[in-house]
Structures are given as structure tokens and as C-alpha cells.
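Worksheet for the structure shown next.
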Amino acid sequence: MECISIFDMLKIGIGPSSSHTLGPWRAAERWINHLKKECNFTRVTSIKVDLYGSLSLTGKGHASDLAILLGLAGEDPETIPTDEIIPITNDIQTFKKISFGGAQTIDFNPEADIIFNREFLPFHANGIKFRAYENGKEISSDTYYSIGGGFVVREELIHAKANIKIHKTFPYPVQLAKELELYCKQENLKISEIVLENERSLRSDQEIDHQINRIWDTMLECMYIGCHTSGTLPGGLNVRRRAFDIHEKLHVDFVYNSPASWLQSIRKTEVKFREILKWVSCLALSVNEVNASLGRVVTAPTNGSAGVIPAVLMYYMVIENHQANFEHVKQFLLVAGEIGSIFKKGATISAAMGGCQAEIGVSSAMAAGALTELLGGSPEQVLMASEIAMEHHLGLTCDPIGGLVQIPCIERNAMGAIKAIHAAELALESDALNAKVPLDKVIETMWETAKDMNSKYKETSEGGLAVSVNISDC
């Protein structure tokens with residue numbers, strides 16, 4: 001059974017896309033490590049990279065080429081200062097040389113040595129092939145697939161355990177939502193408590209808390225930056241940042257100098273219904289505006305849907321419970337991560353495979369379930385909230401204009417966050433023990449819908465808004 005940690009689902013990385021930016025970045029790192037393992041790394045004098053399918057069709061807009069440069073140069077997406085990304089990639093493009101693995105300088109011309117191929121490889125829509133040469137002779141050829149949420153698999157190991165997170169020590173292995181529900185009944189525990197026991201089989205309580213703190217700090221900092229940055233997003237669509245303007249109207253009288261003090265000042269406010277909608281939208285937009293500008297975000301479960309979970313968690317802390325503390329954050333993220341893993345195992349979290357239902361739909365389901373537990377919902381109500389949220393995202397396409405993670409992606413995070421809150425409220429007022437539609441059935445339906453969806457609506461920019469709206473008119 002595939003057992004996935006919440007820290008596999010919630011990763012810190014650079015935007016704008018987990019499958020098109022973070023995935024290729026990690027694939028480049030894995031290839032370099034493979035070269036070293038095979039004792040070929042120091043032999044390399046030149047390299048070429050082929051992108052296939054969705055990675056090729058929307059790669060420029062998703063900064064796949066820049067991510068590959070940074071991965072090949074040995075940079076880490078969790079730690080690289082974001083203000084160094086453009087200077088590093090500009091130097092490679094200008095001087096046609098790269099510090100391969102951060103260890104040896106070789107010739108590399110991105111325009112000629114990164115090849116965009118329109119054809120799709122058989123295993124997944126996001127294929128990438130790395131080739132290494134020694135004085136013109138090929139010494140390595142390796143293919144990887146970026147399967148969503150920053151997860152990467154190597155072609156030669158598709159059916160091997162090396163590509164799958166197998167944690168045999170999980171005391172409560174979960175493949176289906178109904179199994180998770182059964183554990184809760186048997187042990188008389190909340191979903192978050194079951195998930196915590198699984199995480200404890202992998203790492204200490206101290207490490208769990210440390211990792212969750214890192215994730216939350218990154219989310220909070222991302223919202224803070226997004227709410228305090230004005231201007232226009234890069235990429236050519238001339239999309240104006242809206243979180244800044246909304247935040248200014250909502251939050252003009254407070255004094256703060258850090259993300260933490262900003263959070264405390266927000267929590268002192270009295271908020272009416274329309275302002276709640278504006279706050280949730282503002283926070284969701286803020287994250288994805290940072291994501292769209294090569295900022296650091298948390299995949300939740302992907303970069304394109306990274307704004308939903310932070311916005312809903314902030315809603316709980318700012319509107320529902322002003323006394324909320326780290327334990328509430330931890331509880332929320334444990335539940336959200338587990339629900340996301342069930343979707344990944346039963347369907348997909350890749351828009352290139354399933355459309356936007358696999359990103360915004362899954363993130364909304366994760367947030368809805370997590371919020372429901374914090375609001376006192378039973379495990380059955382938690383799963384019902386997730387089902388409601390996904391049910392009303394079924395069939396959602398991925399049709400980014402210009403291949404950029406901006407229109408309609410950024411607004412969809414605001415819509416997904418609002419739907420998550422509404423789904424939680426509906427579930428809390430429902431008899432979840434007699435739910436008509438189980439979460440597992442919705443996940444199964446989502447996967448069937450994904451398989452039936454035309455490829456032009458799955459992150460290829462070949463259909464929908466991507467072709468009906470002329471980029472030159474934006």
C-alpha cells in the first residue's frame with residue numbers, strides 16, 4: 001500500500017507550478033545524483049534537456065525552463081533567495097555556461113539545449129528527458145515524469161519501490177477514505193490523531209512540529225508578502241496584483257512590522273459578512289500572486305492551488321477562533337495533508353492529467369475537511385465536507401491563458417477557499433452517517449472524469465479561455 005506523509009503533500013518550493021516548476025527542478029537534482037551514483041558526473045562536458053507534452057506546451061509560461069536551469073545549477077527550491085533567481089538564470093542565458101551541479105562549469109545554451117517537443121510520452125503528460133555527453137558522445141539518457149504536487153518518478157523505476165513512498169511502519173495505512181473513517185471508529189480518535197500516529201512512525205514529535213512550523217511560517221510569510229506587494233505580475237498578461245489593493249481597504253489603521261504581528265493585528269478586528277468574503281479572497285489571491293511571480297509557496301497540494309488552504313486556515317484563526325494557536329494549525333494541516341494523499345492515491349493531483357479539478361478541487365476538499373474538524377465536526381462530517389467541496393469542482397478544466405498560472409488560476413483559489421468554508425458549514429449541519437455520496441465515490445468519479453476529459457482542457461493551453469482570449473488583448 002502506498003503510504004504518503006503529509007510532508008510529501010505539503011512541500012516548500014518556488015512558483016508558479018509544482019508540476020511544471022518544482023517537478024522539473026527536482027528531476028534535474030535527481031538526475032545529477034544518479035550521474036554521481038553511476039560515476040558519470042565528472043565526465044560530463046555538455047547536456048541537453050527535452051520537454052514533452054504539457055511540460056512543453058505550457059513550459060515557458062510555467063517557468064519550466066528557468067526551473068531546469070536552477071536545478072541543473074545545484075540550487076535548492078526550499079532555500080534559494082528568491083531575489084537571486086532571475087540573476088542566476090540571466091547569467092546562464094547570457095554567458096551560455098552553467099555551474100553544473102554547483103560544482104563544474106560547462107557550456108550550456110538554454111535556447112538550443114532545452115528542446116520543447118509537442119508530443120506526449122506514454123506514461124504521463126509531463127515528461128522530461130536529460131542527456132549527458134562527454135566530448136560529443138552520449139554517456140547518459142534518463143527520463144523523468146513530473147506527476148503533480150512536486151512528485152517526480154524516474155521512467156526506469158516506474159514500477160519499482162524507489163519511486164513510491166512506501167512507509168511499512170504506518171500503524172494506520174490508508175488507501176481509501178472509508179478505511180480512515182473505520183480507524184477513527186475503532187480507536188475513538190479524530191482524523192488528525194490517526195494521521196499524527198502515522199507521522200510518529202516516521203519522525204519524532206519534535207521533528208513533526210518543526211516541519212509543520214516551517215510550512216506554516218512559509219504560508220504566513222507568503223500571504224504577508226502578497227498583501228504588501230503592488231504592481232503588475234510578470235509574463236506579459238499585465239495582470240495587476242489585487243491583494244494589495246483589497247488589503248489596503250480592509251486593513252489601513254493597524255501597526256505591524258512582521259508577518260506574526262500582522263496576523264495578531266488582523267485578529268483584533270470585527271468583521272462583517274462581506275468583509276469575510278473580501279478577507280478570504282484577499283488572502284487566497286495574495287498567495288497565488290506571489291506564486292505567479294516566482295515566489296516561495298507551499299504546495300497544497302500544488303503550487304497552482306497553494307492559496308486555498310492558507311486562506312481557509314487564516315479564516316479560522318481570524319474569524320472563528322481568535323485564540324487559535326500552533327496546535328490548531330497542526331491539527332488543520334494533518335487533516336488537510338491526509339485528505340490530499342487519499343486523492344493522490346485514488347485519482348490525481350496533476351492538472352495535466354485531470355484538469356483544474358485535480359488542483360483547486362482537491363485543495364478545496366482538503367481545506368473543507370480540515371476546517372470541519374477544527375469546528376468540532378466528526379470524522380464522518382470531515383469526509384462529507386471534503387466530498388461536498390470536490391463534488392462542486394468536478395469537471396473543472398485547466399485552460400491557463402498564455403500558459404501562465406494567472407488567469408483564471410489566481411481567482412480560482414479565492415473561489416475554492418469560499419467553497420471550502422461553505423462545504424464545511426453544510427457538512428456540520430448534515431447527518432453525515434447517512435451521506436448519500438461517499439468521498440471515495442467522488443474520488444473515483446473525479447478520476448473517471450479526468451480520463452474522459454479532452455487533453456486540450458488539461459494544462460495544454462490548447463482549449464477554453466487559453467484560445468478564446470487573445471493574449472495580445474490582455
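Only the coordinates and a few stated rules stand behind these numbers; no lab work does. Keep in mind that what you see is a predicted model, and the values were worked out from it rather than measured. Positions of Cβ are generated from backbone atoms using ideal geometry, with glycine treated the same way; all protein chains shown enter the neighbour counts.
Shape annotation for segment 341-474: C-alpha extents along the principal axes are 50, 27, 21 Å, from largest to smallest.
Set the Cα radius of gyration of segment 295-352 against 2.2 N^0.38 Å, with N its number of residues, and you get 1.24.
In a Debye calculation with equal point scatterers on the alpha-carbon sites of segment 170-221 and no solvent, what is log10 I(q)/I(0) at q = 0.16, 0.20, 0.26, 0.30 Å⁻¹? Log10 I(q)/I(0), no solvent term: -0.55, -0.75, -0.94, -1.05. Measuring between their Cα centroids, segment 206-265 and segment 23-53 lie 35 Å from each other. Geometric descriptor of the chain, per residue, is 143 Å³ (volume of the convex hull of the Cα atoms).
Against the chain, whose longest principal axis is taken from its Cα atoms, helix 23-37 shows a tilt of about 50°. Helical content alone sets the calculated 222 nm signal of the chain at -14500 deg cm²/dmol, taking -39,500 (n - 2.57) per DSSP H segment of four or more residues and averaging over every residue.
Need one word for segment 282-418: rounded, prolate or oblate. Basis is the Cα gyration tensor (sqrt eigenvalues a ≥ b ≥ c); a/c below 1.5 gives rounded, then a/b vs b/c decides. In terms of gyration-tensor shape, oblate.
Residue exposure proxy: Cys282, Cys398, ordered by other Cβ atoms within 10 angstrom of their Cβ from fewest to most, comes out as Cys282, Cys398. Ordering Val382, Val437, Val152 from the fewest to the most neighbouring beta carbons within 10 Å gives Val437, Val152, Val382. Relative to the dominant Cα principal axis of the chain, helix 85-95 is inclined by about 10°. Within a straight-line Cα-Cα reach of under 29 Å, Lys456 can be paired with the following lysines, leaving aside sequence neighbours fewer than 8 residues apart in one chain: Lys11, Lys48, Lys60, Lys129, Lys344, Lys345, Lys419, Lys441.
For Gly369, what charge total do you get from the other residues with a beta carbon under 10 Å from its beta carbon, if Lys and Arg give +1 and Asp and Glu give -1? Spelling it out: positives minus negatives among the neighbours equals -3. A simple spin-label model places the labels of Thr79 and Gln323 4.0 nm from each other, with each point 7 Å out along Cα-to-Cβ. Taking all Cα-Cα distances within segment 44-167, those exceeding 23 Å account for 34%.
Between helix 439-452 and the chain there is an angle of about 40 degrees, using the helix long axis and the longest principal axis of the Cα atoms. Taken about its Cα centre, the chain carries a charge dipole of about 560 debye when Lys and Arg each add +1 at the Cβ and Asp and Glu each add -1 at the Cβ.
Partners of Lys272 within straight-line reach, counting aspartates and glutamates whose Cα lies under 19 Å from its Cα and excluding those fewer than 8 residues away in the same chain: Asp245, Glu248, Asp253, Glu320, Glu425.
Let me make sure I get this right: for segment 139-293, a, b and c are the square roots of the gyration tensor eigenvalues over alpha carbons, sorted descending. Under 1.5 in a/c it's rounded, otherwise prolate if a/b > b/c, else oblate. Which is it? Because a/c hits 1.5 or more and a/b fails to exceed b/c, segment 139-293 counts as oblate.
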